[in-house]
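So the structure is just underneath, and the comments pick up after that.
Coordinate-derived values only; no laboratory data. None of the values given here were measured: they were computed from a predicted structure.
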Amino acid sequence: TLRATRSLVRSLARSGVVTRERAAEMGDVRDLPQPCGMGPGRALEGDEQARLFAAARADRHAPRFMAALVALLLAGGLRRGEAGGFLMSDLSDYGADTGRLLVRYGKGRKQRVVFFAGAAKAALDAFVAADDRGARHRALATSQVGHLFQRLCRRAGLEQHASPHDCRRTVASTLLESVDVSTVQAILGHASPAQTTRYDRRGEERLAKAAYDPFGGDARST
């Protein structure tokens, strides 16, 4: 990453391996090409989200498990490891009475709280009530969340590529329409609001919505 590269360059300068001028040049690294498969990502459209959820609930082998997985990713914005960690846990971190989930498996072992409502909550309620985990599902949850998600994408007929992390971008882009950035930051477990805004995939749409007429329609040309 850029952070690691710049840290290495600073260490080289402190040890005298390179001059400070050379270190400044080496540390000025911008716009590196994205590795294969590591593009900027996207937000899923509303119909894509609905089709994924429908495909999960129609799964022949584990519909409650799959629906809960999609709910965690697309409604809660959990990382794949966080979703897998909960699905293999004893499920006590979720409260069906309130829809409150304590996320324990975030980066840096940080915890946060996410609430669920509507169909997403109903999917988690059903999964937890049935304790529909099983040894096979535990293994899948921890190591193959990405594989399961891609299988759902194919079954849902999504034409564009989507990843579990695109679900986080979708949650951020959707919530930022009506929720302040600090709340979205808390939901996603980001270290700063700046990191949250980088997940915004609304593009020029948000700029168009911000346009206003300061004259109230009463301006007269002269």
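Quick one: compute the contact order of segment 45-101, relative version, from alpha carbon pairs under 8 angstrom and 6+ residues apart, as a percent. Intermediate values should be presented prior to the final figure.
Numbers: 27 pairs, mean separation 10.6, N = 57.
Once divided by the residue count of segment 45-101, the mean separation gives 19 percent.
Just to check I understand the Karplus step: with θ = phi - 60° and J = 6.51 cos²θ - 1.76 cosθ + 1.60, what whole-Hz values come out for segment 176-190, glycine and proline as x?
After applying 6.51 cos²θ - 1.76 cosθ + 1.60, I find 5, 5, 9, 10, 5, 5, 5, 5, 5, 4, 5, 5, 7, x, 7 Hz.
How large is the Rg to Rh ratio of segment 67-222 when both quantities use alpha carbon positions and Rh follows Kirkwood? Don't skip to the end; give the middle numbers.
Working: Rg = 18.8 Å, Rh = 17.2 Å.
When Rh is taken as the Kirkwood radius, the ratio is 1.10.
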